[in-house]
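Here's the structure we're looking at; comments come further down.
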Amino acid sequence: MASIREIAKLAGVSPATVSRVLNADETMSVKAATRSRIIQVANQLNYHKVSNLGVKSPKQANLLSIALIKTHASKGESDDPYFRLIREGIKSEADIWSFRLEILKLGEIRLDQLGNFGAVIVVGVLTDGALSQLYDVNPNLIVVDHYFASSQYDLVHHDFAKQTQAVLDYLYEQNHRQIAFIGGDIEVVDLNGDKQDVLSDVRTIAYKNWMTLHGLLDHCQVRTGNWTMAFGLTATNDLLEQSKEMLPTAIVSASDPMSIGIYRALQLKSIPIPQALSVFSFDDIEMASYMSPPLSTVQIDSLEIGRVSVRLAKERMIDGRKSALRVEVASNLILRESVRKND
């Protein structure tokens, strides 16, 4: 069990201060941030008295709370684990630090209440105006999975642009030139959840830029829509129909669930993978290694994305950091049997 001295060392205060805070000494004057840091460290070390401590004021309780705003529907989490794992990462890290986590639904958000939270985490793409409104009432704003948000906020995202280039470089090394791309569009919503705009995904942009730089514009074929297996199938059928004279030798897919649809479309047309057409994807969902053939994909650590967002919130709430940070979480290429060298 942790000692008072161990907690004091980690919290950067004296043992006497720790003792008085953990024993709820009402005569002691201590800054709210210092009190919260002591409680945080004690909870992290499972100090036995913290469960009896309680929080002495609504202001202190709010300091240790996080509002989570998701721009995607909960149903999407069951269809595509990407956002579900981000949420699980947020919850697990919040539990570690004993932060209260409250999920707020678009359309039911009251701006006047957001200032009562220690921080706000937004997962997905809100309009610039909506983010500005949130920031005005709570500057401890962390934006997750939005590459184009203002740098005045803390931003957390994957290295999708770099990995798209890496995937294309690998395919190029395997003698592929007719490389097509199937991806998803990014919906921009307001605080009511109403769609206001559509953005190109960073992978789509990276694909177009790479094909241009390599002089392959004549082979540039892009299909984008929603992030579903059904769209993967439809987009592949359309791609094959429009390019009968010169089929692509490889398809890059922006997500594994869409790749399931791509596989199905190719199988229905008796186009073998990878003998006739290679497929490279993103996500590395559990099913990817069991597909036939096993799917080459970019392994994404969505749990870490969620954890990092909470750590950034902690630095804002507890440590008093003011400067905005942009954190890029690295991913890895997983090579499996869905890609072969083009003859």
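The values are calculated or read from the model by the stated rules, or taken from the named source; none is laboratory data. Just so it is clear, the structure is predicted and the values come from calculations on it, not from any experiment. No Cβ is skipped: glycine too gets one built from the backbone with ideal geometry, and neighbour counts run over all protein chains shown. Surface areas here come from the heavy atoms of the whole protein model, side chains and all, with no ligands, DNA or RNA. Shrake-Rupley method; radii C 1.70, N 1.55, O 1.52, S 1.80 Å.
For the reader, a short list of remarks on this structure follows.
- Neighbourhood net charge (9 Å Cβ-Cβ; Lys/Arg +1, Asp/Glu -1) for L106: -1
- Long-range HN-HN contacts of V188 with modeled amide H, under 5 Å: Q196, D197, V198, L199
- Relative to the dominant Cα principal axis of the chain, helix 128-137 is inclined by about 10°.
- Debye intensity ratio I(q)/I(0), log10, segment 4-45, q values 0.19, 0.31 Å⁻¹ (C-alpha model): -0.44, -1.18
- Furthest towards positive pole of dipole, L217, I7, V167, structure part the chain, Cβ charges: I7
- Rounded to the nearest 20, the Cβ-based charge dipole of the chain about its Cα centre (Lys and Arg +1, Asp and Glu -1) stands at 1280 debye.
- Furthest towards positive pole of dipole, I179, Q242, S309, structure part the chain, Cβ charges: S309
- The simple Förster model, with R0 at 30 Å and r as the Cβ-Cβ distance, assigns L335 and K208 a FRET efficiency of 0.80.
- Considering only the chain, percent of DSSP beta bridges that pair antiparallel, nearest 5: 15 percent
- Accessible-area composition of the chain, carbon plus sulfur, in percent [1.4 Å probe]: 49 percent
- Neighbour-limited loop hits for chymotrypsin sites (Phe, Trp or Tyr not before Pro), segment 100-207 (at most 15 other Cβ within 10 Å; DSSP other than H, G, I, E, B): F148
- Cut-off under 5 Å, modelled amide H: who pairs with V298 long-range: S281, F282, D283, D284, I334
- Sparse packing (at most 12 other Cβ atoms within 10 Å of the Cβ) combined with a DSSP loop state is found for the following GluC sites (Glu not before Pro) in segment 79-116: E108.
- Qualifying trypsin sites (Lys or Arg not before Pro) in segment 95-142, DSSP loop, other Cβ atoms within 10 Å at most 15: K105, R110
- Calculated P(r) tail over 27 Å for segment 159-300, as whole % of Cα pairs: 16 percent
- Each Lys and Arg Cβ is given +1 and each Asp and Glu Cβ -1; about its Cα centre, segment 4-45 then shows a dipole of about 140 debye.
- Rounded to whole numbers, the Karplus 3J(HN,Hα) couplings from phi for segment 154-161 are 5, 10, 10, 7, 7, 8, 4, 4 Hz, using 6.51 cos²θ - 1.76 cosθ + 1.60 with θ = phi - 60°, and x at Gly and Pro.
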